[in-house]
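Reviewing the structure listed below.
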Amino acid sequence: MFVLKACVALIALLYLLPLGISAIIYFADGTGAGWRTADRSSIGALPPPSRNPDAVVRIFSAQTVRWRGIFASHSWIVFKPRGASSYTRYDYTAWGELPIRANGFEPGGRWFGHTPQIIFAADGSAAAALVPKIEAAIAGYAWRNAGDYRAWPGPNSNTFVAAIIDAVPEIQTTLPPTAIGKDYPYDERWFRITPTGTGVRVTLGGYAGLTLGWVEGIEVNLLGAVAGIDIRRPAIKLPGLGRFGVSPA
């Protein structure tokens, strides 16, 4: 009985309370502008290609649209080969003929009014080495057909970016705990090495799971919501509220 009560208390403390606080913040701030008129302008985080010939790679994440923002964030990837005159942005979305969407939005823009955070950054020769691997990972992504997108538990935008990280182990980062869908088994393996190659992950179809990794830290997935700690770059991770501590980038 004590063990059961302790488990219930932990779930309430680590999952229900953070999500409740996130909901209060959401409703206190208001729903904001409608998605058709919401600000999607650049936050100025990317150097202008005309003044920066070097290769660039960025992974962004921002609170997602409407009430789903209480729980979840949206991730995307942006890159530019050396000498390119513009950036290429890839999202994975529920709208459009196909879920993989190229250059549908401003590369470093706000996500329907929400300012993104940079999850990963590489420049110069390091970025140049990553770009062809990223392009190959996108071209080979299996869940690319109409109807493949599922907001929960996946595959969604976060599953897509997590798969790219998995295919390019030099990208030593992990998506935030609000990136619901990042643990979805896009390759249908319930037990696997983590995307960064620094640990292991057990997942039950994305509905529940456990991750232990040097880069990922310790994460417990419950119905897609993630709570955990990061020891390498000290931080705590809470569902709905995100990461508190040292930035992963």
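Can you say whether ALA45 is in contact with a Gly (Cβ under 7 Å, 6 or more places away or on another chain), outside any helix (DSSP H, G or I) and either of a type outside the set (Val, Ile, Thr) or open to solvent by 60 Å² or more (accessible area, probe 1.4 Å) (or both), as far as the supplied structure shows? Lay out the reasoning, then the answer.
Numbers: in contact with a Gly (Cβ under 7 Å, 6 or more places away or on another chain): yes; outside any helix (DSSP H, G or I): yes; either of a type outside the set (Val, Ile, Thr) or open to solvent by 60 Å² or more (accessible area, probe 1.4 Å) (or both): yes.
Yes; evaluated as a whole, the condition is true for this residue.
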For the stretch 73-92, which positions are over 19 Å from SER42 (Cα atoms) and either open to solvent by 70 Å² or more (accessible area, probe 1.4 Å) or modelled with pLDDT under 95 (or both)? ARG82
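Please work out if PRO169 is open to solvent by less than 30 Å² (accessible area, probe 1.4 Å) and over 14 Å from THR64 (Cβ atoms).
Working: open to solvent by less than 30 Å² (accessible area, probe 1.4 Å): no; over 14 Å from THR64 (Cβ atoms): yes.
So PRO169 fails the test.
Scan the stretch 1-24 and tell me whether some residue there is aromatic (Phe, Trp, Tyr), farther than 26 Å from LYS182 by Cα and open to solvent by 30 Å² or more (accessible area, probe 1.4 Å).
Restricting attention to the stretch 1-24, the residues satisfying the condition of being aromatic (Phe, Trp, Tyr) are 2, 15.
Still in the running and farther than 26 Å from LYS182 by Cα: 2.
Cutting the leftovers down to open to solvent by 30 Å² or more (accessible area, probe 1.4 Å) gives us 2.
Among the residues of the stretch 1-24, at least one is aromatic (Phe, Trp, Tyr), farther than 26 Å from LYS182 by Cα and open to solvent by 30 Å² or more (accessible area, probe 1.4 Å), which makes the answer yes.
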Residue hits (the stretch 225-249; more than 13 Å from the chain's Cα centre (by Cα), under 18 Å from ILE59 (Cβ atoms) and crowded, with 16+ Cβ neighbours inside 10 Å) are ASP230, ALA235, LYS237
When ARG68 is evaluated against the numbered criteria (1) assigned to a loop (DSSP other than H, G, I, E, B); (2) under 30 Å from PRO18 (Cβ atoms); (3) open to solvent by 60 Å² or more (accessible area, probe 1.4 Å), which criterion, by number, is the only one it fails? (1)
Test result for PHE60, within 16 Å of THR159 (Cα to Cα) and modelled with pLDDT under 95: no
If I go through the stretch 182-202 residue by residue, how many of them are within 17 Å of the chain's Cα centre (by Cα) and not in a loop (DSSP other than H, G, I, E, B)? 1
Any chance you could count how many residues in the stretch 172-181 are open to solvent by less than 20 Å² (accessible area, probe 1.4 Å) and of a type in the set (A, V, I, L, M)? 2
Is there a residue in the stretch 159-170 that is polar (S, T, N, Q) and out of contact with any Ser or Thr (no Cβ under 8 Å at 6 or more places or on another chain)? yes
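The values are calculated or read from the model by the stated rules, or taken from the named source; none is laboratory data. Predicted model, so just to flag it, every value in this text is computed and none were measured. Cβ atoms come from the backbone with ideal geometry, glycine included; neighbour counts cover every protein chain shown. All accessible areas refer to the heavy atoms of the entire protein, side chains included, with ligands and DNA or RNA removed. Shrake-Rupley method; radii C 1.70, N 1.55, O 1.52, S 1.80 Å.
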